[in-house]
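The values are calculated or read from the model by the stated rules, or taken from the named source; none is laboratory data. These numbers were taken from a predicted model, which means no experiment stands behind them. Cβ atoms come from the backbone with ideal geometry, glycine included; neighbour counts cover every protein chain shown. The protein model used for the area step is the full one, side chains on, heavy atoms only, and it has no ligands, DNA or RNA in it. Shrake-Rupley method; radii C 1.70, N 1.55, O 1.52, S 1.80 Å.
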Amino acid sequence: MRVLVVGGGGREHALAWKLKQSPRAERVFVAPGNGGTARDPDLVNVPITDVEALRDWALANRIGLTVVGPEAPLAAGIVDVFRAAGLRIFGPTRAAAQLESSKAFAKAFMQRHGIPTAAHETFSDPAAAHAYVDRVGAPIVVKADGLAAGKGVVVAMTAAEAHEAIDFMLVDNRLGVQHNVDGARVVIESYLQGEEASFIVLVDGTHVLPLATSQDHKRLLDGDAGPNTGGMGAYSPAPVVTPAVHARALREVIEPTVRAMAAEGMPYTGFLYAGLMVAPDGSIQTLEFNCRMGDPETQPILMRLRSDWVEVLLAATDGRLDTISLEWDPRVALGVVVAAAGYPLTPRKGDAITALPVDAADAVVFHAGTALQQGQLVTSGGRVLCATALGTDVAAARDRAYALVRGIDFDGMQYRHDIGHRALARQAG
């Protein structure tokens, strides 16, 4: 079977890396791919991003399964377009993808169906948003209502930070948010205390199959300081998701969401990612929904997956996830993101990547913001690479991942030195 992965980031490199291991995969294509997928002899980059053009290419090239990585093609309706042409594709429809593409839609949906989430208000008028912050104070959370590549959330610890975020999102749009049709809006919500976890499942419209738990590190700098990013590293499993929290997440968030989406005429298929805030007492609140696997969570999750990924996704597209069980490597996987100079606001592109370690079966540098230019690998985005490794415990996985990082070299590279610190603290405690 010929398989197509849509996207060009680190998540898509990991998806393609796992798919190519299946005996069912005759050839794996990545559209548009990146420098890492271009260098892999088992993968083929396809330089197409337009949805209709990609549908025509998939038909002409007899693609048997398409997996969508990022949010933008989903919001553009790629699943609707491919399905209308009789192509098998895993992902939510454009209507269902509103769970991610519109924070306002998602918050109203959760409110309607009693899914636990923070209290919120939505604003399109900057003056009204500023007045609200003046009235309620900080800490407070400001979210862009639209696609922002994981950077559209500001956890403002002061009112000044909240006012700046409102101007960033509503006035000058320095975060590059792709606004929805009704224009620029922000969702402002209560600040929640606790520990954040990524809860990602596969959904076939009816059945739910959870993936391994994971936790990422959103802030740019060590000690969870600095601006929010798309994610600076992740590990799996996440100790904060105890068996009780896991059961609660399925019972209170995931299963009600899938039932309600079907009841509202938008049956959900695809990856469903619930960002959860886990309180010290084990109660949970839903921070956000994503309609895709997380990046960088995908890299450690798929490094731990032992099941045939093609078989799993075929079952998902056939509506038979209830017949599948997943097998996981018991070891811990941890990934460290190496970012470009200037990330997240003004990432520098074009720096030559002059050193990379050799990949092994359980230690891989996944590419995200890289490109091949005249045979030279260069930086082409904010998050450039994700060094990911397996280890017997968090400390061992961390040591192996950072050993990979030490083998990477390009001008201006930046990364956190404390990925996994929460899990290590729990282990020590």
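If the chain linking Leu59 and Ser124 were pulled fully straight, counting 0.36 nm for each residue of separation and taking away their Cα-Cα distance, it would gain 19.3 nm. Each Lys and Arg adds +1 at its Cβ and each Asp and Glu adds -1 at its Cβ; summed about the Cα centre, the range 1-130 shows a dipole of about 500 debye.
Structure remark: mean-square fluctuation, Gaussian network model of the chain, C-alpha springs under 10 Å; the largest value among Asp172, Asp222, Asp393 belongs to Asp172. For the range 194-310, the mean projected area of the C-alpha convex hull, equal to one quarter of the hull surface, is 7.7 nm². For the range 238-327, the Cβ-based charge dipole about the Cα centre amounts to some 100 debye (Lys, Arg positive; Asp, Glu negative; other atoms uncharged).
Kirkwood-type hydrodynamic radius, the range 327-381: 13.2 Å, calculated from all non-identical alpha-carbon pairs.
Global size of the range 292-411: 16.5, 49 Å for Rg and Dmax (C-alpha atoms, Rg to one decimal, Dmax whole).
Across the protein chains, with a 1.4 Å probe defining accessible surface, the residues Ser380, Ser198 rank Ser380, Ser198 from largest area downward. Could you tell me the center-to-center distance, by alpha carbons, between the range 277-310 and the range 218-255 in angstrom? Using only Cα atoms, the two centres lie 7 Å from each other.
Each principal axis of the range 3-51 carries a Cα extent, and these read 29, 20, 17 Å when sorted largest first. If eta is 1.002 mPa s and T is 20 °C, what Stokes-Einstein diffusion coefficient results for the range 231-296, Kirkwood Rh from Cα pairs, in µm²/s? Once the numbers are plugged in, D ends up at 164 µm²/s. For the pair Arg406 and Glu255, a Förster radius of 45 Å applied to the C-beta separation gives a FRET efficiency near 0.55, rounded to the nearest 0.05. Taking every Cα-Cα distance in the range 198-256 and sorting them into 5 Å bins starting at zero, the pair-distance distribution P(r) comes out as 4, 17, 22, 19, 16, 14, 7, 2, 0 percent. With R₀ set to 22 Å, the beta-carbon distance separating Gln414 from Ala159 gives a calculated FRET efficiency near 0.15. Over all distinct Cα-Cα pairs of the range 263-308, the Kirkwood formula returns a hydrodynamic radius of 13.0 Å.
Counting only Cβ charges, +1 for Lys and Arg and -1 for Asp and Glu, the dipole size of the range 185-316 around its Cα centre is about 100 debye.
Here Ala225 and Ser190 are evaluated by their C-beta separation; at R0 = 22 Å the FRET efficiency comes out at 0.50. With bins 20 Å wide beginning at 0, the percent of Cα pairs of the chain falling in each bin runs 27, 62, 11. Positive-end ranking of Pro70, Ile408, Val364 along the dipole of the chain, with charges on Cβ about the Cα centre, is headed by Val364.
Taking label positions 7 Å along the Cα-Cβ direction at both Lys349 and His113, the computed distance is 3.7 nm, reported to one decimal. Please calculate the 1.4 Å probe accessible area of Val81, with all protein chains present, and give it to the nearest 10 Å². Only protein atoms counted, so the area is about 30 Å².
The portion of the accessible surface of the chain made up by carbon and sulfur, rounded to a whole percent, is 50 (1.4 Å probe; DNA, RNA and ligands excluded). Shape descriptor for the range 62-156: Rg over Rh equals 1.10 (Cα atoms; Rh from the Kirkwood inverse mean 1/r). Computed over the alpha carbons of the range 24-105, Rg followed by Dmax gives 13.4, 43 Å. On the principal axes of its alpha-carbon atoms, the range 355-429 has extents of 51, 25, 16 Å, going from largest to smallest. The local environment of Ala162, defined by Cβ-Cβ distances under 13 Å, has a net charge of -4 under the rule Lys, Arg +1 and Asp, Glu -1. Per residue, the chain reaches -8000 deg cm²/dmol at 222 nm when only DSSP H runs of four or more residues are counted, each adding -39500 (n - 2.57).
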